[in-house]
Amino acid sequence: MTDASNNPRHPVARNAIALGVIALLGTALLAWVNSATKPRIAEQERRQLLDQLEQVVPADRFNNAMHEDFILVSDTLAFPGGQQAQVFRARQQGVPAAVAMKFYAIDGYNGRIDLIVGILADGQVSGVRVLQHRETPGLGDGIELRRSDWILSFNGRSLDNTAAEDWTVQRDGGDFDQFTGATITPRAVVRAVHRALEYFEENQEALFSRPSEFAASEEAER
Amino acid sequence: MSANYRDIMADGIWRQNTGLVVLLGLCPLLAVSNTVINALGLGLATLLVLVVTNTAVSLSRPMLRPEVRIPAYVLIIASAVTVVELLMRAWTHDLYQTLGIFIPLIVTNCAIIGRAEAFAARNRPLPALADGFAVGLGFTIALLALGAVRELAGYGTLLRDAELLFGPVAAGWQITVAPVDWEFLLAILPPGAFIALGCLVAARNWFDARRQAAADQAKLDMQPATEPS
């Protein structure tokens, strides 16, 4: 390369070659790093997903590979905003035991609140966690388990033991606490969980019988 | 030669500190400096990118004509950032998710292309590497200082969520300074970042001014009092 300055070739060609060489080197490096880190990244994502699932569905409730047994559903009422909810199915010896639904509430104080909701086959909530949100720190972030145990107040709730009008915050006459200075955030979470429960009750059978989309998603990655 | 490297380090860390003097790369500086660990994570990622890009830019000097240098730098920087992003996803997955968009956005940190243009393009690879390290270190220190001030004021703690960066062993590293439940929202929210940065810049300038004054005084004392004042 050092003798390139003495080269009589046209400068445009020289520039094109120089850029091409850099692009090629950069791409080669990226391709190599990508293939070297891919298994580990997939493993990290799997570990994280399993971690989330086991937070809302107790591990002793199922013995299938729950993280690989999922379907995508859409329903404008239960899951508004054009989203696709991801429904993971937990089975004990093949018998439906619980689902964990990943979806988001669209009506937080600051946009989306990503949730995962565990529902046992008998319609009881086995756990709710907030996966991601942009609510005000110090006010709305009480929905995070590391900030307060408010999110645990869903455990054991069902459509049977909590009437439809109680599925909101106390300020609206419901059963759930709001936070000092923040009503919108908990209200959004409570209502989203309620909608998910109703959806589960109406579609329980179909949710468990549809074939898993895991194989299809694996295929698409390749 | 050694004095040369000393100058590079002093410029990068203190005299021309990216965050506190040149005020480049403020977007990530202000956005993710709400805790020490976030600040350290982004600082180290930026440091690594700077070392790689400065070296690569310096190495590519012989084949680059001035007209195409900027696109070439952009290619180099984008590749380096993507590599760092992939490594973070593989090894510090939780921190990667906390820092989110600000890792890919290192590409747009003008401090990086600034160093490529101002230093790496005019120097041999080794000094360029040293400059990348010094500037990255200076940026990390600025981020850390800002993160420490904001986390102390905002949460009353230091090193919270250390496990995101250092793994499970670090879960107990948090140092709690203020009473439990201490929370000062302003420091955590974006305005707090501007206020804290302003204070840090002022503190640095005050320190420099005092040192300068002391040096001037010393010079005056050395001179015989024959000159009129």
When chain B is treated as a GNM, springs tying every alpha-carbon pair under 10 Å, which of B:R160, B:R204, B:R65 comes out with the largest mean-square fluctuation?
B:R65
Provide, for q = 0.19 Å⁻¹, the log10 of I(q)/I(0) from a solvent-free Debye sum over equal Cα point scatterers in the stretch A:57-219.
-1.21
Taking protein heavy atoms only, a 1.4 Å probe, and rounding to whole percent, the accessible area of the stretch B:3-219 owed to carbon and sulfur comes out at 69
Per residue, how big is the convex hull around the C-alpha atoms of chain B? Give it to me in cubic angstrom, could you?
179
Run the simple label-point estimate for A:R171 and A:A59 please: 7 Å along Cα→C-beta, distance reported in nm.
3.9
Let's see if you can work this out: charge +1 on each Lys and Arg Cβ, -1 on each Asp and Glu Cβ, no other charges. What is the dipole magnitude of the stretch A:3-99 about its Cα centre, in debye to the nearest 20?
340
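In percent, what relative contact order does chain B have, based on Cα pairs under 8 Å that are 6 or more apart in sequence?
31
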Can you give the Kirkwood hydrodynamic radius for the protein assembly as shown, in Å, rounded to one decimal and based on Cα pairs?
25.7
Gaussian network model of chain B, Cα within-10 Å springs - most flexible of B:L26, B:L189, B:L137:
B:L189
Looking at B:F139, A:P11, A:V87, which one has the Cα that reaches farthest to the positive end of the dipole of the protein assembly as shown (charges on Cβ: Lys, Arg +1; Asp, Glu -1)?
A:P11
Choose one answer from B:A215, B:A187, B:A116: the residue with the largest mean-square fluctuation in a GNM of chain B with alpha-carbon springs under 10 Å.
B:A215
Please name which of B:T18, B:P71, B:V84 has its Cα lying farthest along the dipole of the stretch B:3-219 towards the positive end, using unit charges on Cβ (Lys, Arg +1; Asp, Glu -1) and the Cα centre as origin.
B:P71
Rounded to the nearest 10 degrees, what's the angle between the helix A:11-56 long axis and the longest principal axis of chain A, both from Cα atoms, 0 to 90?
20
The stretch A:13-119: Rg to Rh, with Rh as the Kirkwood radius over Cα pairs
1.23
Fully extended contour minus Cα-Cα distance, from A:S158 to A:S212, at 0.36 nm per residue:
16.8 nm
Principal-axis tilt of helix A:184-209 within chain A, Cα atoms, nearest 10 degrees
90
State the Cα centre-to-centre distance between the stretch B:37-70 and the stretch A:158-222 in whole Å.
47
Rank B:T176, A:T76, B:T35 by accessible area, highest first, at a 1.4 Å probe radius?
A:T76, B:T176, B:T35
Working only with C-alpha atoms, what are the Rg and Dmax values of the stretch A:166-221, expressed in angstrom?
17.2, 49
For the stretch B:146-178 and the stretch A:104-152, compute the distance between their C-alpha centroids and round to whole Å.
24
Using the crude model of +1 on Lys and Arg Cβ and -1 on Asp and Glu Cβ, and no other charge, please compute the dipole size for the protein assembly as shown relative to its Cα centre, in debye to 20.
2080
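The values are calculated or read from the model by the stated rules, or taken from the named source; none is laboratory data. Just so it is clear, the structure is predicted and the values come from calculations on it, not from any experiment. Note that we place each Cβ from the backbone using ideal geometry, even for glycine, and neighbour counts take in every protein chain shown. The protein model used for the area step is the full one, side chains on, heavy atoms only, and it has no ligands, DNA or RNA in it. Shrake-Rupley method; radii C 1.70, N 1.55, O 1.52, S 1.80 Å.
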